Amino acid sequence: MESAARVRAEVGYDLSRFDRRLRVRDAVADEMAVRSEKREKTVKETVRKKTAARISAFAVMGFLLIVGLQMLSVWSGMSLHTVSAESAALKSELTKLKAEETALRSQYEKKLNLKDIERRAEELGMSRQQGGQIVYIDLSVPDHAIIFDKKDEGSSDFLKGIGDAFGKIMEYIN
């Protein structure tokens, strides 16, 4: 009995089971941990949404860029095909034109008869040149020039020179 009384006495003096501070601390710590987890979860979801939106925008931009480049590639291929077809047509036309040039040259050479040209010149009243009509110039003597040392008297001499030149031209024409 003594041990039972002693246990009761110890239990009576053991106030720790009535101490709620430890439980309150644990409850507050648990609550703070839950709040922290919720905040982290909310932040992670926000980051995921922002990241997903950014990735989505980059993906869309990349996709549009790729589509644009593919369209450009197709367009350039079509242009190349068109230019190649035009080039082939022009080469064919050039071959035809060269053949036509050869035919026209041969016709021209057939019509270029000196006797016909002389006959036509006589019909127009032309005649062969006479020996007295031919003038030979001797160019064996070196050229020389005389430089006059005349002072510039202004614009009046310039205008006088233009008038003299004009007069000489009119005299030559008449």
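The values are calculated or read from the model by the stated rules, or taken from the named source; none is laboratory data. These numbers come from a predicted model, not from an experiment. Virtual Cβ from ideal backbone geometry, glycine too; neighbours counted across all protein chains shown. These area figures cover heavy atoms from the full protein model, side chains too; ligands, DNA and RNA do not enter into them. Shrake-Rupley method; radii C 1.70, N 1.55, O 1.52, S 1.80 Å.
Computed values, structure above
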| quantity | calculated |
| --- | --- |
| Tally of residues being part of a loop (DSSP other than H, G, I, E, B) and within 60 Å of the chain's Cα centre (by Cα) across the stretch 102-148 | 10 |
| Tally of residues being of a type outside the set (D, E, K, R) and either touching a residue at least 12 places away in the same chain (Cβ under 8 Å) or open to solvent by 100 Å² or more (accessible area, probe 1.4 Å) (or both) across the stretch 114-128 | 4 |
| Conditions (1) of a type in the set (S, T, N, Q); (2) modelled with pLDDT of 95 or more; (3) over 28 Å from the mean Cα position of the chain (by Cα); number of the one not met by Gln70 | (3) |
| Scope the stretch 130-174; condition basic (Lys, Arg) and either modelled with pLDDT under 80 or touching a Gly at 6+ places or on another chain (Cβ under 9 Å) (or both); matching residues | Lys150, Lys151 |
| Odd one out for Leu104, checked against (1) open to solvent by less than 100 Å² (accessible area, probe 1.4 Å); (2) modelled with pLDDT of 95 or more; (3) not small (Gly, Ala, Ser) | (2) |
